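These notes concern the structure reproduced below.
The values are calculated or read from the model by the stated rules, or taken from the named source; none is laboratory data. Computed from a predicted structure; not experimentally measured. As a convention, Cβ positions derive from the backbone with ideal geometry for all residues, glycine included, and neighbour counts pool all protein chains shown. Remember, those area values only see protein heavy atoms, side chains included, never the ligands or the DNA or RNA. Shrake-Rupley method; radii C 1.70, N 1.55, O 1.52, S 1.80 Å.
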Amino acid sequence: MNQKERAVLIAVLATVTLMVAVDLATDSQEGVALWHVLIEGGAGLAALFGIFFLMKDSFNLQHKLSDSLNENARLKSEAQEWKQEARKYIEGLSHSIDLQLSKWNLSLAEKEVALLLLKGLSLKEIAEVRGTSEKTARAQSIAIYSKSGLAGRSELAAFFLEDLLQPQAAE
């Protein structure tokens, strides 16, 4: 139930409660039977309980939303801090990868394809990104593997990333 629906339901229940209260006041002056007053009073109390329940639920949802927004902001901040901390290392890694690709005598197009392969794109996706055919992307990837002496995408990724992903020694 969204916030607007809750507000409408609370308004309806408040109106019912008010109407029951007015009716109880007039009934008590007219000397209506006790069972009638008790039934109407129960209906009024049920409407009040409904208002209380909806309000409590609404406040709980607002509290959870606030907590979620705070957690989201904290995680975004943490991610931004990590990116800033890691930036110098990433720039160094990027420079080192570029140097190695140059050592393998890759053309500019082959370097671009190699980087896209490292990012995990498929040959079809590489072709789309570069505006070439999949056949061209395949031929360039084969040239990359041939010039580098590597057997395929897995070895290409391992060549650059294997040493980065070492488990930390237990302290």
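Here are some notes:
- Computed from Cα atoms, the angle from the helix 134-148 axis to the main principal axis of the chain rounds to 60 degrees.
- Karplus-derived 3J(HN,Hα), 6.51/-1.76/1.60, for each residue of the range 41-49, Hz, glycine and proline x: x, x, 5, x, 5, 4, 5, 4, 4
- Degrees separating the helix 108-118 axis from the principal Cα axis of the chain, which is the longest one: 50
- When peptides 110-120, 12-22 are ranked by their average number of other Cβ atoms within 10 Å per residue, the highest-first order is 110-120, 12-22.
- Estimated FRET transfer efficiency (ALA109, GLU155; beta-carbon r; R0 22 Å; 0.05): 0.60
- Solvent exposure of the chain amounts to 73 Å² per residue of accessible area, where only protein heavy atoms count and the probe is 1.4 Å.
- With 23 Å as the limit, the listed pairs LYS83/LYS119; LYS4/LYS76; LYS103/LYS124; LYS88/LYS111; LYS83/LYS124 have LYS4/LYS76; LYS103/LYS124; LYS83/LYS124 beyond it between alpha carbons.
- Using just its DSSP H runs of length 4 or more, each adding -39500 (n - 2.57), the chain gives a mean residue ellipticity at 222 nm of -29000 deg cm²/dmol after division by all residues.
- Charged-residue dipole, Cβ positions (Lys, Arg, Asp, Glu), the range 71-158 about Cα centre, Debye nearest 20: 200
- Carbon plus sulfur fraction of accessible area for the range 111-154, probe 1.4 Å, in percent: 53
- Binned Cα-Cα distances of the chain, short to long, each 5 Å bin given as a whole percent: 1, 7, 10, 9, 8, 7, 6, 5, 5, 4, 5, 5, 5, 5, 4, 4, 4, 3, 2, 1, 0
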